[in-house]
Amino acid sequence: MSIVCRADISKSTNFQLKHNFTIFKDGKLVFMTVSNKGDAQYEIPMARSSDTGEYECTVEAGGKTKSSNSLHVWVTGMTKPILTAEKKEVLEGEVVKLRCELPEEVPPLYFVFRKTKMNSTPKEKFVFEPYKNFSVVEFSVEEGDNILQFDCFGKRNVKLEFESSEYSNKTLVTVREPFIKPTLKAKPSSNITEGDRIQFECSTVVARMHDIEIILQKNRTILNSTVYKYVDEYSVRDEKLLKYSALATLEDSGEYLCKVEQGRTSKTTKLNVVVSELFPKPILAASMSKLDENKELTLSCSISGFRKANFSILRKNSNGDIWLKNSRNLTMRVNVNDTGSYICKAEVKGIVKESRPVRINVYAPVSKPTLSVVSGLPEVVLGKPLRLICRSVMGTPPITFTFYKGNNEVKKVVINDTYATFLDENIRPNDKRGYKCDARNNHSSGMKTSNILNVTVIVPIRNASLGSIPYGEVEDGSETAFLCSVKEGSWPIHFRIFRKTDRDILLFEKSENADRVMWRKEAMNRQDTGTYYCMASNRANVDVKSHPITISVILAAWQKGIIAAFVLIPIAGAATLTLWWFLCKKKKAKGPSMEMSGSALATNLTSEKLTRQHNDGDYYTGSSYIEDSENHMKSTDESNGPDLESAEVEYTEVEVSTLDPHRAPEQKGTETVYSEIRKS
């Protein structure tokens, strides 16, 4: 096959141009040449399937390069594979290693190996080799394989299509047995009677082998086994034997298996054994299965159609059966501890058979039951469920407990215990009917009934409130009564009164068989001002809190009078001292020349002093004014009396004249004098 690359180049007639030709297959360089001609040829002397692929050429001339379109070449057919086997002769359980090669083929390749038995369908194995043109596989040699024929062929993928080679040469492999199929015998026979001794023999012939195991089993239970570690491969074929013997019973009937194994090789032989029954299982009968304690019980053991046997009666126990008597009959007076399962055994010719167990129940009578509340006290909170327990201290379970509410049956339960419980979720405020229960079991004494249990229904506290007398404002030192009450709740009720602070202070607490309680605080003081509330609770264990009230402690009337007296008396004293000081000062300023009888003048001055104005040009003497002021204060004080604290003070400014002893006429001057005029 030739791959030809031609270059179409335009040039001058006499111009010589060198061409560089490069040919690629599947992107890989396979040919390169330089020529003066316009074409180049890549010669393949003998085409193979490996020459299949995409070809492309590139031409470079005069510094210019061009590439051709790709050309797909498909070389059909593949080389014939070559198959070789590692061994020509093998033993059962060994493996045959095969090597299949496709000379001159390029991976990736697929290999198919075939194993063919005589007159059977070939078994195939597929192997993918992405990087090699050969593959190696192993075939196991199984039991029954004799002469094996092997061959192989190859495949390759061309444009999503598979192309297969022809089959390789055929290789024959001979298989030998490491041991023959075992034989299994039963002596004296495979059909025997129970009580007879039976012996099993499992044997095989071994050649050139080691680690051979012989196993005798029934179903999946191994009865006996042995392992032969080594057998000389040059010795004569050797027989290996496994024995097992036992006293035959009915349970020994069935299929037995003799198995010989070595490595992967296993051969088996089966034998069916039938053991005939010597005598049937004994039957245990009881005079009664349920009876009262201290009653008499008789147990009898028998074999149908067979009387010559050794009998024994036993009681079943988890730690081992308890022997009672070697006899076919047993009579005893029972108590509660004799409750249980009993069996009898019969022995003939060393064969022991056991009867089916018989259950005996011995009952003690139930005692009078007691009915109580699970929580302890015979009471229940309204809206909460009530759980009752009925207990019978004595009595053999199962016990039937029946609960009654009033005269109505509300629950019946059968239990393997000495107590039962009942949950009553229908509790009403006026529900005052008593509860009772009765108990009975299989004892002939019959039913026992408890005493009637009366249950108190506790109504939780509802709507607590707090009030006080007086309400709101309280005089200091006076008594205050606090009343805490509830709208609803069962007695006794526990009342508590608190005053709110950073940490609430408990002031009073008391339990009363009433819906209210009163607390009197005899002397309130300013520190008692604050917010108060009360809490109430009963056996329902729910604290109900009232709305808070506010108490303000104010001054009493006599405290206000004392405060007024302490404030006004110092003020009046200070005013009197001021007036006295002022009068004394004026008398000293007047002197002896100003002395007057003052009878008529004082009267005139007194009548005129309030009507004159400063611009009249007249001057009043200081003494006349002072005397007038004194008389006026006296009359005012006498008329006012105790109304001093409510009097008002008025101030009047007047002008007075002063004589200058060194000059004449008189020098006019002004001096302000304050006079208190008290009004009611």
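The residue list E522, E479 contains one member that is exposed (fewer than 13 other Cβ atoms within 10 Å of the Cβ), on the phi < 0 side of the Ramachandran plot and either acidic (D, E) or in contact with a strand residue (DSSP E or B) (Cβ under 6 Å, 6 or more places away or on another chain) (or both), which is E522. Out of K384, K412, K436, I need the residue that is open to solvent by 70 Å² or more (accessible area, probe 1.4 Å) and more than 30 Å from V486 (Cβ to Cβ). Which one? Exactly one residue qualifies, and that residue is K412.
With the requirement that a residue be of a type in the set (V, I, T) and in a loop (DSSP other than H, G, I, E, B), what does the stretch 323-339 give you?
Going residue by residue through the stretch 323-339, those that are of a type in the set (V, I, T) are 331, 334, 336, 339.
Those that are of a type in the set (V, I, T) and in a loop (DSSP other than H, G, I, E, B): V334, T339.
Here's a check for you: in the stretch 125-162, which residue that is within 60 Å of the chain's Cα centre (by Cα) and assigned to a loop (DSSP other than H, G, I, E, B) is farthest from L102 (Cα to Cα)? This residue is E143.
Taking the stretch 288-322 as the search range and keeping residues that are in a loop (DSSP other than H, G, I, E, B) and polar (S, T, N, Q), which one is nearest to G350 (Cα to Cα)?
So in the stretch 288-322, the residues in a loop (DSSP other than H, G, I, E, B) come out as 288-289, 293-295, 304-305, 307-309, 316-321.
Those still in the list that are polar (S, T, N, Q) too: 289, 294, 304, 317-319.
Working: S289: 31, N294: 38, S304: 19, N317: 24, S318: 25, N319: 24 Å.
Checked the stretch 288-322; the qualifying residue nearest to G350 (Cα to Cα) is S304.
With respect to the conditions (1) touching a residue at least 60 places away in the same chain (Cβ under 8 Å); (2) exposed (fewer than 15 other Cβ atoms within 10 Å of the Cβ); (3) aromatic (F, W, Y), F150 lacks only one, and its number is (2). Close Cβ contacts (under 9 Å, 6 or more residues apart or on different chains) running from residues in the stretch 339-360 that are without any contact (Cβ under 8 Å) to a residue 12 or more places away in the chain to residues that are of a type in the set (S, T, N, Q) and open to solvent by 30 Å² or more (accessible area, probe 1.4 Å) comprise V352/N310.
Each row is one residue, and each column tells you yes or no for (1) outside any loop (DSSP other than H, G, I, E, B); (2) of a type in the set (S, T, N, Q); (3) touching a helix residue (DSSP H, G or I) at 6+ places or on another chain (Cβ under 6 Å); (4) within 23 Å of G477 (Cα to Cα).
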position	(1), (2), (3), (4)
S511	yes, yes, no, no
V517	yes, no, no, yes
R520	yes, no, no, yes
M524	no, no, no, yes
T531	yes, yes, no, yes
A536	yes, no, no, no
R539	no, no, no, no
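Being in contact with an Asp or Glu (Cβ under 6 Å, 6 or more places away or on another chain) and farther than 30 Å from P492 by Cβ is the filter here, so list the residues in the stretch 444-459 that pass it. If the condition is that a residue be in contact with an Asp or Glu (Cβ under 6 Å, 6 or more places away or on another chain) and farther than 30 Å from P492 by Cβ, then S444, M447, T449 are the ones that fit. One residue is enough: does the stretch 340-351 have a residue meeting the conditions touching a Leu at 6+ places or on another chain (Cβ under 8 Å), open to solvent by 10 Å² or more (accessible area, probe 1.4 Å) and not in a strand (DSSP E or B)? Yes, the conditions are met somewhere in the stretch 340-351.
Annotation: V231 fulfils all but one of (1) surrounded by 13 or more Cβ atoms within 10 Å (Cβ to Cβ); (2) modelled with pLDDT of 90 or more; (3) over 25 Å from K187 (Cα atoms); (4) of a type in the set (A, V, I, L, M, F, W, C); the unmet one is (2). Each residue in the stretch 100-124 was checked for being in a strand (DSSP E or B) and open to solvent by less than 80 Å² (accessible area, probe 1.4 Å), and 10 pass.
Counting residues in the stretch 439-447 that are at pLDDT 90 or above, over 40 Å from the mean Cα position of the chain (by Cα) and within 18 Å of G376 (Cα to Cα) gives zero.
The values are calculated or read from the model by the stated rules, or taken from the named source; none is laboratory data. Here the structure is a predicted model, which means the values were calculated and not measured. For neighbour counting, all protein chains shown are included, and Cβ atoms are generated from backbone atoms with ideal geometry for every residue, glycine included. The accessibility values were calculated without ligands, DNA or RNA, using every heavy atom of the protein model including side chains. Shrake-Rupley method; radii C 1.70, N 1.55, O 1.52, S 1.80 Å.
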